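Student: Next up is a structure, given as C-alpha cells.
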Amino acid sequence: MRRYIVQRILLTIPTLLGVATIIFVLMRVVPGDIVLLRYAGEGAFVTQETIVQERARLGLDQPLWRQFADWIWGAAQLDFGTSMWTGRPIVSEVALRFELSLQLAVMAVIIAALVAVPLGVLSAIKAGTSVDYLIRVFSILGLALPSFWVGIVLILLLLSVFHWSPPVTFTPLRVDLGENLSQLIWPALVVGYRYSAVATRMTRSAMLEVLREDYIRTARSKGLKESVVMVRHALRNALLPVITVFGLEFAFLLGGLVVTEQVFNLNGIGKLTVEAVVRRDYTMVQALVLLMASVFVLVNFLVDMAYAWLDPRIRFR
Amino acid sequence: MLRPAGAWAHRAAGATSPRTGWLRSFVRRQQLGAASGAVILLMALVALLAPLVAPHDPLETSFLLMLRPPSPEFPLGTDAFGRDVLSRIIYGSRTALLVGFSTSFVGSSLGTVIGVASAHFGGKTDLLAQRVMDIFLSFPLIILAIAVVAVLGTGVLNVIVAITVPIVPRVARVVRSSALAVREMPYVEAARALGASHRRIILRHMLPNVMAPSLIMLTAYLGQAILLEASLSFLGLGVAEPVPAWGLMLRGAGTQFIERAPWLAIAPGLAISSTVIAFNLLGDSVRDALDPKLRVA
C-alpha cells in the first residue's frame, strides 16, 4: 500500500506542474498584456508611467523564463502575489472566503451521498417498476436542469411559502450554528442534487450487476435476512464504482459552487472567481483557477486511495 | 470501399433502403431518442424561422411596458427593459443551438483528429499528447471555460471558443482508445505496408472507423455545451446583452425582480431544461444504438 501511495503522489506532481504551466501560458496569450487590457477595460486615462510601474510590480518586465520560474516557485509556497483589484495578498483574500465554500462543498457531498446511495439501491431492487422509473426521471432531471435555475425556483418557492429570502450577510459556523445551517442548507441541496444525479445512476447499475452474482444467491439460500444480503453483500461491492463517480463528478461540484454562490449571494470562492473575471483581476483569476484544478486533482488522488483501500486488488496490479 | 459510416453501417444491413434504413431502425429501437430528435428538429425550425414565429422584436425596449405580467399580448410577460419574454426565448434558441452545435461539432472534430493522430503515431508523440490531454482534463469543465473567457472576454464567438477548449481533450481520450484498436486492424497494416502516407492512413483508413465514438461524443456534449453556455451567460461571463440568450434572461431573476416579476424566472429555465433533456436523451440513444459498451462520463 505504501508503495502505491508514493507512486500516486509522484504522478500527481507533474500533473499539478502541467496545470500551473497551462494557466501561465493562458494568461500570456492575452492580446497585449494583462496590465494594458485591465486599464483599457476601465476606460480611464492612464499614463504610460503607471503602466510601466504596474508591469514592474507584477514582474511582467522580467524575461518569460523568469516570470515562469517565479510563478511556479510562488505557487509551490502558496504565494500568488497581490490582487490587481484590491492590492491585498491573494492568499488572504482567498482564505477569507474559503471556509464558506468548503462548508458548502462538504454539506453538498453529504447530501449527494444520502440521496444517491439509497435511491440507487431502491431503484435497482425495484428495477422495472414505477418506483424505479420515478427515481430515474429524478436523476435525469438532475443532470439537465441548470443548477442556477433550480436555485432560483427554490428561492421563489421559499419566498412564497416561508417568506424567506437569502440573507445579505453570512453567519459563520462558529457564530451561530442554527442560523448558519439554515442559510447554507438550500444552496447545499441545489449543489448536492446535481452532484447526486450521476452517482444515483451508477449505484443503480452497479447494484443490478452485483445482484446477479453467485454470492448473492448463496447468501440468500443460506437463509440470511434480505436486508443483510443487500447491505453486507450487495451494497458493499456495488459502492466501488460509485466512489469513482464521486471523484470524477467533483468537477461538477466545483462548477456548482461557482454558479450557486451567485444565486444565493454567498461570498465564497465561486463568487470571488466570477468577480475576478469581471474585474479583470488576472492575478486573482490565475490563482483561483490553479486552486480549483488542484483541489480536483487532490480529490481524485484521495478517491484513488479510498479505492485501493477498499479493493486490495488495485494495489497489487 | 469504406463508407464514411464504416463502423456502424452493418447495423443497417437488411433494412429496406441502405440510405434511410438506419433511421428507420433507430426510430423503432430508440423511441425516446427519436422523440427527442423530433423535438430538437422542431426547435431548430423555430430558431430558423424566428422572425416569422416571434410576436415581437426581441430587442425592442419600452419604458411603458416594463415588467408586465403575462397577458394575451405578451404571453410570457415582459422583462425589466420592457422586452417581450416569449420573443426573447424564441430568438434565444438561436444562441443556444448555435453555441451547442458549433462547440460540440468543432470540439469533437478536433478531439477526433488529435485522438486518431495520437494513436497512429504512437510512441513518444502519443505519450506527450496524452499527458497534455490529461493535464487539460484536470480542469473542471466550467473552470477552464471561465479561464478562457477571462482571457478572451465575453461575446458569442469567445464563448464558443471557451466551451470548445475543454471538450477537445475529453473527446480525444475516448477516440484514441478506439483508434488504438483500429490501428491494429489488417487493413491499416496493409495500407502501411503499401507505403501510404500518414495523412492517407489517418484520413482514409482510421478516421472513418472511429466515427461511431466520435459521433457519440458529439451528441453527448451537445446538451452539456448548451447548459454551459447558459451557466456562463447567467454569470455574466457568456453572451453579452442585448443578444437574446436563455441564461442571460435569468440574470437578476432570482434576486432583483423575484418579488415583482416571478414569471421572468420560469420560462427561460424551462427552455434550457427541456432543450438539455432532449439533447441528453438523444445522446443516450445514439450511444445505445452505436455502442452499448462505451460509457461517456
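Student: Label the stretch A:92-316 by shape, choosing from rounded, prolate and oblate, from the square roots a ≥ b ≥ c of the eigenvalues of the Cα gyration tensor; if a/c is under 1.5 it is rounded, and otherwise prolate applies when a/b is larger than b/c, oblate when it is not.
Tutor: The shape class here is prolate.
Student: Report the full-extension gain for the segment A:Leu298 to A:Tyr215: residue separation times 0.36 nm, less the Cα-Cα distance, to one decimal in nm.
Tutor: 26.4 nm
Student: Name the chymotrypsin sites (Phe, Trp or Tyr not before Pro) in the stretch A:1-102 that are in a loop by DSSP and that have at most 12 other C-beta atoms within 10 Å, would you? Could you put the intermediate results ahead of the total?
Tutor: On the way: sites: A:Tyr4, A:Phe24, A:Tyr39, A:Phe45, A:Trp65, A:Phe68, A:Trp71, A:Trp73, A:Phe80, A:Trp85, A:Phe98; in loops: A:Phe45, A:Phe80, A:Trp85.
When the chymotrypsin sites (Phe, Trp or Tyr not before Pro) of the stretch A:1-102 are filtered for loop state and at most 12 Cβ neighbours within 10 Å, A:Phe45 remain.
Student: Between the stretch B:104-169 and the stretch A:83-134, what is the C-alpha centre distance in whole Å?
Tutor: If we compute the Cα centre of each part, the gap is 26 Å.
Student: Return the loop-located trypsin sites (Lys or Arg not before Pro) in the stretch A:163-256 (DSSP other than H, G, I, E, B) with at most 16 other Cβ atoms within 10 Å of their own Cβ; answer none if there are none. Don't skip to the answer; put the middle values down first.
Tutor: Values: sites: A:Arg174, A:Arg194, A:Arg201, A:Arg204, A:Arg212, A:Arg217, A:Arg220, A:Lys222, A:Lys225, A:Arg232, A:Arg236; in loops: A:Arg174, A:Arg212, A:Lys222, A:Lys225.
When the trypsin sites (Lys or Arg not before Pro) of the stretch A:163-256 are filtered for loop state and at most 16 Cβ neighbours within 10 Å, A:Arg174, A:Arg212, A:Lys222, A:Lys225 remain.
Student: Using +1 on the beta carbon of Lys and Arg, -1 on that of Asp and Glu, and nothing else charged, what's the dipole of the stretch A:153-244 about the Cα centre, debye to 20?
Tutor: Details: 11 positive and 6 negative charges, 103 e Å.
I would put it at about 500 debye.
Student: Please get the size of the charge dipole for the protein assembly as shown, origin at its Cα centre, with Cβ charges of +1 on Lys and Arg and -1 on Asp and Glu, quoted in debye to the nearest 20.
Tutor: Around 2540 debye, computed over the protein assembly as shown.
Student: Here's a follow-up. Along the Cα→Cβ direction, 7 angstrom out, place labels at B:Thr125 and B:Glu184. What is the inter-label distance in nm?
Tutor: Each label point is offset 7 Å from its Cα along the Cβ direction, giving 2.0 nm.
Student: So how many Å³ per residue does the convex hull of the Cα atoms of chain B work out to?
Tutor: 150 Å³
Student: Could you pull out every whole DSSP H run in chain B that spans at least 24 Å of Cα extent along its own axis and averages -0.5 or higher on the Kyte-Doolittle scale?
Tutor: On the way: long enough: B:31-48 (25 Å, 2.09); B:85-121 (52 Å, 1.09); B:156-183 (38 Å, 1.40); B:211-235 (35 Å, 1.44); B:263-290 (41 Å, 1.12).
Span-like helices here: B:31-48, B:85-121, B:156-183, B:211-235, B:263-290.
Student: Might you report the magnitude of the Cβ-based charge dipole of the stretch A:92-316 about its Cα centre, with Lys and Arg at +1 and Asp and Glu at -1, to the nearest 20 debye? Don't skip to the answer; put the middle values down first.
Tutor: On the way: 19 positive and 15 negative charges, 161 e Å.
That gives a dipole near 780 debye.
Student: Also: Taking K and R as +1 and D and E as -1, what net charge do the other residues with C-beta under 12 Å from the C-beta of A:Val263 add up to?
Tutor: Neighbour charge sum, excluding A:Val263 itself: +1.
Student: In terms of the Cα gyration tensor, with a ≥ b ≥ c the square roots of its eigenvalues, is the stretch A:2-76 rounded because a/c is under 1.5, prolate because a/b exceeds b/c, or oblate?
Tutor: In terms of gyration-tensor shape, prolate.
Student: Further question on the same structure: Counting other beta carbons within 10 Å of each Cβ, put B:Ile272, B:Ile277, A:Ile13, B:Ile89 in order, fewest first.
Tutor: Taking fewest neighbouring Cβ atoms as first place, the list is A:Ile13, B:Ile277, B:Ile89, B:Ile272.
Student: Hey, if you put +1 on the Cβ of every Lys and Arg and -1 on every Asp and Glu Cβ in the protein assembly as shown, which of B:Leu222, A:Gly59, B:Ala117 ends up farthest toward the positive end of that dipole?
Tutor: B:Ala117
Student: Can you work out the PRE-style zone for B:Ala80? Point 7 Å along Cα to Cβ, and I want the residues of the stretch B:220-234 with backbone N under 15 Å.
Tutor: Only B:234 pass the distance filter.
Student: Next up: According to the square roots a ≥ b ≥ c of the eigenvalues of the Cα gyration tensor, what is the shape class of the protein assembly as shown, taking rounded for a/c under 1.5, prolate for a/b larger than b/c otherwise, and oblate for the remainder?
Tutor: Since a/c stays below 1.5, the shape of the protein assembly as shown is classed as rounded.
Student: Here's a follow-up. Kindly provide the Kirkwood hydrodynamic radius of the stretch B:44-92 in Å, to one decimal, from all pairs of distinct alpha carbon atoms.
Tutor: After inverting the mean inverse Cα-Cα distance, the result is 10.6 Å.
Student: Once Lys and Arg get +1 and Asp and Glu get -1 on their Cβ, which of A:Ile140, A:Phe162, A:Ile125 lies farthest toward the positive end of the dipole of chain A?
Tutor: The listed residue farthest towards the positive side: A:Ile125.
Student: Here's another thing I want to ask about it. Hey, with R₀ at 41 Å, roughly what FRET efficiency would A:Val106 and A:Tyr133 work out to, going by the Cβ-Cβ distance, to 0.05? Intermediate values should be presented prior to the final figure.
Tutor: Working: r = 32 Å, r/R0 = 0.78.
Approximately 0.80, to the nearest 0.05.
Student: Here's a follow-up. Test of understanding: given chain B, find the longest segment containing no trypsin sites (Lys or Arg not before Pro) that are in a DSSP loop and have at most 13 other Cβ atoms within 10 Å.
Tutor: Longest site-free region, per DSSP loop and neighbour criteria: B:20-259.
Student: Shielding of B:130-140 by partners, i.e. mean partner chain Cβ atoms within 10 Å per residue?
Tutor: 6
Student: Highest GNM mean-square fluctuation, chain A, Cα pairs closer than 10 Å: which of A:Gly270, A:Gly74, A:Gly255?
Tutor: So, out of A:Gly270, A:Gly74, A:Gly255, the one fluctuating most is A:Gly74.
Student: Shifting gears a bit: Rounded to two decimal places and with Rh computed the Kirkwood way over Cα pairs, what is Rg over Rh for the stretch A:133-212?
Tutor: 1.12
Throughout, read-outs are computed from the coordinates displayed, never taken from laboratory work. None of these values were measured; they are calculated from a predicted model. Neighbour counts run over all protein chains shown; Cβ positions are idealised from the backbone, glycine included.
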